[in-house]
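This report concerns only the one structure given below.
The values are calculated or read from the model by the stated rules, or taken from the named source; none is laboratory data. Only a predicted model underlies this, so the values are computations on that prediction, with no experimental measurement involved. We place every Cβ from the backbone using ideal geometry, glycine too, and count neighbours over all the protein chains shown. Calculation scope for accessible area: heavy atoms of the full protein, side chains included, ligands and nucleic acids excluded. Shrake-Rupley method; radii C 1.70, N 1.55, O 1.52, S 1.80 Å.
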Amino acid sequence: MTDFSNGGRPLAVVTGASTGIGYELAMLAARTEYDLLIAADEREIENAAADFRATGVDVQSVIADLATFEGIDKLYHATLGRPVDLLLVNTGRGLGRPFLDQAPEDWHRVVDINISGTIYLIQKIGRDMRARGSGKILITGSIVGLTPGTYQAVYNGAKAFLDSFSFAIRHELKGSGVGVTCLMLGATEAEFFERADRMDSKVGTEKQADPATVARDGFDAMMRDKGSVVSGWQSKLQAAIMHITPHGKLVEMDRRSSGPGALK
Ligand SMILES: NC(=O)c1ccc[n+]([C@@H]2O[C@H](COP(=O)([O-])OP(=O)(O)OC[C@H]3O[C@@H](n4cnc5c(N)ncnc54)[C@H](OP(=O)(O)O)[C@@H]3O)[C@@H](O)[C@H]2O)c1
């Protein structure tokens with residue numbers, strides 16, 4: 001851990017900043033001259049911190065399991081009472097395979113990472129933001145929240161929760177000075193599919209969006225206080241189809257592209 005020297009810059013907290021979209025979000029915040037407090041649960045976060053420091057801002061990294069309240073408390077305490085100007089809640093993990101074949105501890109962890117840890121952190125930092133009358137929150141949701149997900153039923157349900165939660169609290173906070181934005185993305189180049197054991201699915205192996213572009217879309221939407229943004233024309237098209245197609249049809253389309261046998 002490194003102490004902030006606090007050169008008068010505002011502070012951004014970014015979770016899941018070691019790889020993928022979170023890394024790109026943190027880099028954007030650093031280049032926009034925000035000091036960073038970043039977190040992930042593995043040592044790789046230290047390498048990312050070194051990259052962000054090279055931009056000239058102060059960076060503090062925390063290794064914590066953000067699926068647990070203890071991990072979130074550790075991250076929160078690392079702010080040392082310094083006001084958080086941007087909160088980018090991005091940590092997430094998928095889980096492939098049929099639900100009945102998944103181990104309870106595995107799907108429970110998906111719920112804890114994507115939902116419980118995420119909203120506990122938002123509540124803690126959101127309360128401080130509301131008391132100060134300023135702050136911006138970006139939640140990494142997903143367009144998969146718009147459709148039931150065969151072979152990733154719990155993950156899609158968790159993202160549906162976040163997409164919905166994001167809009168609900170945005171409107172609860174109307175007039176408070178605190179903005180909430182949901183970044184809704186489709187399949188994006190990251191370690192995500194490998195970690196979710198989904199490299200044998202069509203969606204896991206097709207060409208995917210560039211994480212830097214996706215992060216830029218989310219960051220810009222947050223700075224402009226938009227309620228949500230769907231990143232990329234392909235995801236926009238998919239989201240439009242998801243909005244007008246009955247769930248029964250959607251889920252069958254999804255089964256064909258997401259299933260473990262979809263490559264065969
Ligand atoms: N890639 C896609 O196609 C896609 C599509 C829609 C939505 N998303 C969402 O985008 C977000 C970012 O994922 P990504 O695609 O960039 O995947 P990624 O490369 O796997 O990044 C996930 C990040 O979350 C961190 N993380 C995971 N579990 C954690 C835990 N228990 N405690 C602390 N940190 C943890 C990881 O850190 P460690 O390496 O230290 O574990 C990593 O920094 C997620 O919310 C994901 O659901 C991704």
>> Checking T55 against (1) farther than 22 Å from R109 by Cβ; (2) within 10 Å of the ligand (Cβ to nearest atom); (3) polar (S, T, N, Q): exactly one of these is not met. Which one?
In response: (2)
> Mind checking which pairs have a first residue in the stretch 213-228 that is over 13 Å from A29 (Cα atoms) and a second that is hydrophobic (A, V, I, L, M, F, W, C) and part of a loop (DSSP other than H, G, I, E, B), Cβ under 7 Å, 6 or more apart or different chains?
Replying inline: V214/L185
>> So for the stretch 77-87 (the condition being without any contact (Cβ under 8 Å) to a residue 60 or more places away in the chain and open to solvent by 10 Å² or more (accessible area, probe 1.4 Å)), does at least one residue qualify?
In response: yes
>> Would you confirm whether or not the stretch 202-225 contains a residue that is open to solvent by less than 80 Å² (accessible area, probe 1.4 Å), modelled with pLDDT under 90, aliphatic (A, V, I, L, M) and assigned to a helix (DSSP H, G or I)?
In response: yes
> Across the stretch 100-143, what is the number of residues that are of a type in the set (A, V, I, L, M, F, W, C), surrounded by 14 or more Cβ atoms within 10 Å (Cβ to Cβ) and more than 20 Å from V13 (Cα to Cα)?
Replying inline: 4
>> Only one of R127, R109, R97 is in a loop (DSSP other than H, G, I, E, B) and either among the basic types (K, R) or free of Cβ contacts under 8 Å to residues at least 24 places away in the same chain (or both). Can you tell me which?
In response: R97
> Any residue in the stretch 191-199 that is within 13 Å of the ligand (Cβ to nearest atom), in contact (Cβ under 8 Å) with a residue 40 or more places away in the chain, open to solvent by 20 Å² or more (accessible area, probe 1.4 Å) and on the phi > 0 side of the Ramachandran plot?
Replying inline: yes
> Of these, I139, I115, I122, which one is at negative phi, of a type in the set (A, V, I, L, M) and within 10 Å of the ligand (Cβ to nearest atom)?
Replying inline: I139
>> For the structure I just gave you, tell me whether I21 is within 16 Å of the chain's Cα centre (by Cα), open to solvent by less than 10 Å² (accessible area, probe 1.4 Å) and either more than 10 Å from the ligand (Cβ to nearest atom) or among the β-branched types (V, I, T) (or both).
In response: no
> Only one of (1) more than 9 Å from the ligand (Cβ to nearest atom); (2) at pLDDT 95 or above; (3) open to solvent by 30 Å² or more (accessible area, probe 1.4 Å) is not met by A26, so which one is it?
Replying inline: (3)
>> I'd like the residue in the stretch 158-187 that is open to solvent by less than 10 Å² (accessible area, probe 1.4 Å) and part of a helix (DSSP H, G or I) and, out of all such residues, is nearest to the ligand (Cβ to nearest atom).
In response: K159
